[in-house]
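What follows is a single structure, written as structure tokens, with notes after it.
The values are calculated or read from the model by the stated rules, or taken from the named source; none is laboratory data. Since we're looking at a predicted model, the values are computed, not measured. Note that we place each Cβ from the backbone using ideal geometry, even for glycine, and neighbour counts take in every protein chain shown.
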Amino acid sequence: MAREVLKEDIEKVKRLCSEILGNEFTEIRRLGGNTNHTYHVSLGNGNEYVVRIPGEGTEELIVRKNERVSTELANKLNIDARLLYFGGDGSKITEYIPGAITMEADGLRKETHMIQMTEILRKLHTCGEDTGVPFEVFSVLIFRDTSILTPVTIGCSFIVIACGILAAADFRDICGKVKSR
């Protein structure tokens with residue numbers, strides 16, 4: 001089911017497209033996601049991008065400086081869409097990857113997606129670079145459970161993270177099926 005384009009985001013997306021891409025969008029549609037508002041935009045020149053507008057309360061959950069460092073490393077390793085802009089508030093523009101899916105609970109449960117994620121994580125964690133960014137998944141879980149976000153957002157996001165942690169045994173089993181590179 002398509003998500004509604006939020007009226008309050010349209011001007012923000014227009015401004016980012018104009019300032020960063022030098023063109024206004026001709027088409028916009030909302031993509032999936034749990035905490036941010038993410039849009040697929042097409043420009044008059046035929047180029048397609050993903051524009052992310054930070055969701056309400058995300059500044060309480062995410063250290064954007066750390067996210068940017070991690071995103072830049074992922075770009076260097078070619079395991080993420082090419083980053084064109086990363087704002088201090090968490091707004092972001094990347095190239096659009098046709099056929100890409102947003103990580104949501106249903107998708108995370110599919111073995112093929114777990115295998116793909118394992119390959120990407122292996123590449124990331126064996127690249128030999130230390131970003132200095134701490135990964136503290138349990139503190140995120142605890143904080144999300146008591147955060148200021150609405151119960152609907154907590155439920156969905158919390159479930160995605162909790163499913164990932166609780167499925168760790170299955171994930172480890174799947175890791176054995178992934179070839180080392």
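Given the conditions (1) assigned to a helix (DSSP H, G or I); (2) of a type in the set (A, V, I, L, M, F, W, C); (3) exposed (fewer than 15 other Cβ atoms within 10 Å of the Cβ), report the number of the one that residue 73 does not fulfil.
Result: residue 73 passes all but (3).
Within the set of pairs 6+ apart or on separate chains, which have a first residue in region 86-98 that is in contact (Cβ under 8 Å) with a residue 12 or more places away in the chain, a second that is surrounded by 15 or more Cβ atoms within 10 Å (Cβ to Cβ) and assigned to a loop (DSSP other than H, G, I, E, B), and C-beta atoms under 6 Å apart?
What qualifies is 89/54; 90/54; 94/81; 95/81; 97/81.
From the list 43, 73, which residue is within 23 Å of residue 121 (Cβ to Cβ) and not charged (D, E, K, R)?
Going through 43, 73 in turn, the sole match is 73.
Go through region 80-107 and report how many residues are at pLDDT below 95 and in contact with a Lys or Arg (Cβ under 6 Å, 6 or more places away or on another chain).
Counting residues in region 80-107 that are at pLDDT below 95 and in contact with a Lys or Arg (Cβ under 6 Å, 6 or more places away or on another chain) gives 1.
For region 25-66, which strands (runs of 3 or more DSSP E) that fit wholly inside it have 2 or more residues that are of a type in the set (D, E, K, R) and either surrounded by 15 or more Cβ atoms within 10 Å (Cβ to Cβ) or touching a residue at least 24 places away in the same chain (Cβ under 8 Å) (or both)?
Counting at least 2 such residues, we get 25-30, 48-53.
Going by the conditions given, is residue 84 in contact with a strand residue (DSSP E or B) (Cβ under 8 Å, 6 or more places away or on another chain) and assigned by TED's automatic domain parsing to the domain that holds residue 16?
yes
Tell me, yes or no, whether region 59-71 has at least one residue that is within 14 Å of the chain's Cα centre (by Cα) and basic (Lys, Arg).
yes
Hey, does region 5-24 have a residue that's part of a strand (DSSP E or B) and surrounded by 15 or more Cβ atoms within 10 Å (Cβ to Cβ)?
no
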